[in-house]
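As structure tokens, the structure follows; a few thoughts come after it.
Each reported figure results from applying straightforward, stated rules to the coordinates on display, with no laboratory input. Note that the coordinates shown come from a computational prediction; the quantities given were computed from them, not determined experimentally. Cβ placement follows ideal geometry from the backbone for every residue including glycine, while neighbour counts extend to all protein chains displayed.
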Amino acid sequence: MKQFFIELFDYNHQCNLKLCEAFVENQDKVSEKAIKIFNHLLNAHQIWNSRILQKEISTSVWEIRPLYDLEEIEINNHNQSLEILNSKTLDEKIHYSNTKGQKFSNNILDILFHIINHSTYHRGQIASDFRQNGLEPIVTDFIVYKRQ
């Protein structure tokens, strides 16, 4: 199971790196909405990693960061997710509070799947927004990743 998650996070990482490049190359055409969604995607990944690793959360879920910082944030997110996969058991329960202060517990497997699912969902929104703004969406289908 861990190997499958390592592959999913590599897929996620490759997609996000392509988006980082697209945002920088097309910054004059990318909408504020797409920038907001991509920052949210990266911020949420960072927050979930911090919760699992019991580190201080250093960003808010809707914080907007400079386009040129997004690639470094993505790389750090990816590396932390791999650290989690290499050092934690997937059935370990994580106790955390959400941004509203509500307390929850979930196992690491569910949280990691949520990160992947959440990222895929928002990349779909970004693809739609790109098309509406005259940009060709990045191909982020998992099966395309597998064919490479």
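Things worth noting here:
- Full-stretch length increase - Lys36, Asn79 - with 0.36 nm per residue and alpha-carbon distance subtracted: 13.2 nm
- Loop-located GluC sites (Glu not before Pro) in the stretch 40-138 (DSSP state not H, G, I, E or B) with no more than 10 neighbouring Cβ atoms inside 10 Å: Glu56.
- Gain in span if fully extended, Asp110 to Val139, counting 0.36 nm per residue against the direct Cα distance: 7.9 nm
- Alpha carbon centroid spacing (whole Å) that separates the stretch 120-148 from the stretch 22-61: 17 Å
- Sorted largest first, the principal axis extents computed over the alpha-carbon atoms of the stretch 1-80 equal 40, 26, 17 Å.
- Quarter of the Cα convex hull surface for the chain, i.e. its orientation-mean projected area (nm²): 8.8 nm²
- When each full DSSP H helix of the chain is screened for a Cα extent of at least 24 Å along its own axis and an average Kyte-Doolittle hydropathy of at least -0.5, the helices passing are 2-25, 32-53, 108-132.
- Simple label model, 7 Å out from Cα along Cβ direction - Leu17 to His118, nm: 2.3 nm
- For the chain, lysine pairs separated by 8 or more sequence positions, or belonging to different chains, with Cα-Cα distances below 19 Å total 12.
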